[in-house]
Amino acid sequence: MTIMINQDKPLYQTITVNRDDHLYGLQSKKYRIYATSSTVNPVINVQSTWDFDTYSSYPKKTTTIENLIIDGQGQNVTGINLYDVGKCEIQNITIKNCDIGIHFHNYNGCWTECNLLKHIRMENVNTGIKFDTDGPMQGYETDYPGDSFGFTVIDDVEISLNDISSAVGIQIGDGNHLVRPYSSLIKANVVLGSAGGAGLQIKHKARLQYGLISLNVANNTGTTSGSGIDLQYAAPYQNIDAVSINQPFKQKDNTIRRILLSTHGITNPINNPYSYNASDITQFTY
């Protein structure tokens, strides 16, 4: 089904987009949909690729969301939920005034994989993109591990955070479960406020591996105590470091590094108080 937005639209309940729907705004980000209260949470919910009533999956279905402005209006809501969703394409949108911009989450030990975020701007959000899980399905931990967010593409995404110290551009992990957005592309620019925050934060058992990562974190108003990559909440898991084994590139001196982090106005580019191996990260300040 095609859902077209051709005027500014107040929302009194969440828009549910089915796994084969196309939700789009007429022209390019001319119109906005906006939450009228905190009960409109999330603003948009994408139907799961998995159907546990029939134990079926629909891997060939694709949801597309594009050409919109999504406004939470400061109601402490999430812009878009992707729970157990695969192959969703979200592009050319602005998300603003939300608690979380886009939330990836695994229920029932399932997978949220192969999703595309491209040409996206976020403004005044507490967390831009969040990955977390409820963990494996009890009794079926091997078949339904619930840890994978593999092959996620985050390309040309800019996240301007609220001016609070807890703000995070991209948060990977939240809770005592393994979270793995492996083999993913992350090409993002995060703007912090003067209160601090983090461009990329890895928490608990989360792991960022086998990816191609280019991250810029800046504060354009002066200097902030925030960090580019925050590892203070990372926890060791099977002796594997939180950031490791990502796709390599070669520097001019033939040194092989794997994550490119550039920062501006950030006092603590890599917050690594427990001395995890962060040798994969090439950091420079401009």
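Some points to look at:
- Close pairs from the range 183-212: first closer than 10 Å to Gly169 by Cβ and at pLDDT below 95, partner surrounded by fewer than 22 Cβ atoms within 10 Å (Cβ to Cβ) and of a type in the set (A, V, I, L, M, F, W, C), Cβ under 6 Å, at least 6 apart: none
- Subset of the range 1-17 [assigned to a loop (DSSP other than H, G, I, E, B) and either touching a Lys or Arg at 6+ places or on another chain (Cβ under 6 Å) or surrounded by 13 or more Cβ atoms within 10 Å (Cβ to Cβ) (or both)]: Asp8, Thr14
- Of all residues in the range 64-80, those being in a loop (DSSP other than H, G, I, E, B), surrounded by fewer than 24 Cβ atoms within 10 Å (Cβ to Cβ) and touching a Leu at 6+ places or on another chain (Cβ under 8 Å) number 1.
- The set of residues from the range 38-58 being exposed (fewer than 13 other Cβ atoms within 10 Å of the Cβ) and in a loop (DSSP other than H, G, I, E, B) comprises Thr39, Asp53, Thr54, Tyr55.
- Top-ranked residue of the range 96-133 - restricted to ones that are among the polar types (S, T, N, Q) and farther than 22 Å from Ser183 by Cβ, ranked as modelled with the lowest pLDDT: Asn108
Matching residues to (1) of a type in the set (Ser, Thr, Tyr); (2) within 22 Å of the chain's Cα centre (by Cα); (3) under 19 Å from Lys96 (Cα atoms); (4) at pLDDT 95 or above:
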residue: Gln7; (1), (2), (3), (4): no, no, yes, yes
residue: Ile15; (1), (2), (3), (4): no, yes, yes, yes
residue: His22; (1), (2), (3), (4): no, yes, no, yes
residue: Lys29; (1), (2), (3), (4): no, yes, yes, yes
residue: Ile44; (1), (2), (3), (4): no, yes, yes, yes
residue: Phe52; (1), (2), (3), (4): no, no, no, no
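- Answer from Leu178, Leu212 - the residue that is out of contact with any Phe, Trp or Tyr (no Cβ under 7 Å at 6 or more places or on another chain), closer than 28 Å to Trp50 by Cβ and of a type in the set (A, V, I, L, M, F, W, C): Leu212
- Residues in the range 186-197 that are hydrophobic (A, V, I, L, M, F, W, C) and either within 13 Å of the chain's Cα centre (by Cα) or surrounded by fewer than 19 Cβ atoms within 10 Å (Cβ to Cβ) (or both): Ile186, Ala188, Val190, Ala195.
- For Pro273: the one exception among (1) outside any strand (DSSP E or B); (2) modelled with pLDDT of 80 or more; (3) surrounded by 12 or more Cβ atoms within 10 Å (Cβ to Cβ): (3)
- Any hit, the range 165-185, residues being under 18 Å from Thr152 (Cβ atoms), more than 15 Å from the chain's Cα centre (by Cα) and crowded, with 16+ Cβ neighbours inside 10 Å: yes
- In the range 213-236, the residues that are closer than 17 Å to Ile159 by Cβ and at pLDDT 90 or above: Ile213, Ser214, Leu215, Asn216, Val217, Ala218, Asn219, Gly226, Ser227, Gly228, Ile229, Asp230
- Residues of the range 175-217 classified as in contact with an Asp or Glu (Cβ under 8 Å, 6 or more places away or on another chain) and either on the phi > 0 side of the Ramachandran plot or of a type in the set (S, T, N, Q) (or both), total: 5
- Test result for Tyr83, aromatic (Phe, Trp, Tyr), in contact (Cβ under 8 Å) with a residue 12 or more places away in the chain and surrounded by fewer than 19 Cβ atoms within 10 Å (Cβ to Cβ): no
The values are calculated or read from the model by the stated rules, or taken from the named source; none is laboratory data. All of these numbers come straight from a predicted model, not from anything done at the bench. Positions of Cβ are generated from backbone atoms using ideal geometry, with glycine treated the same way; all protein chains shown enter the neighbour counts.
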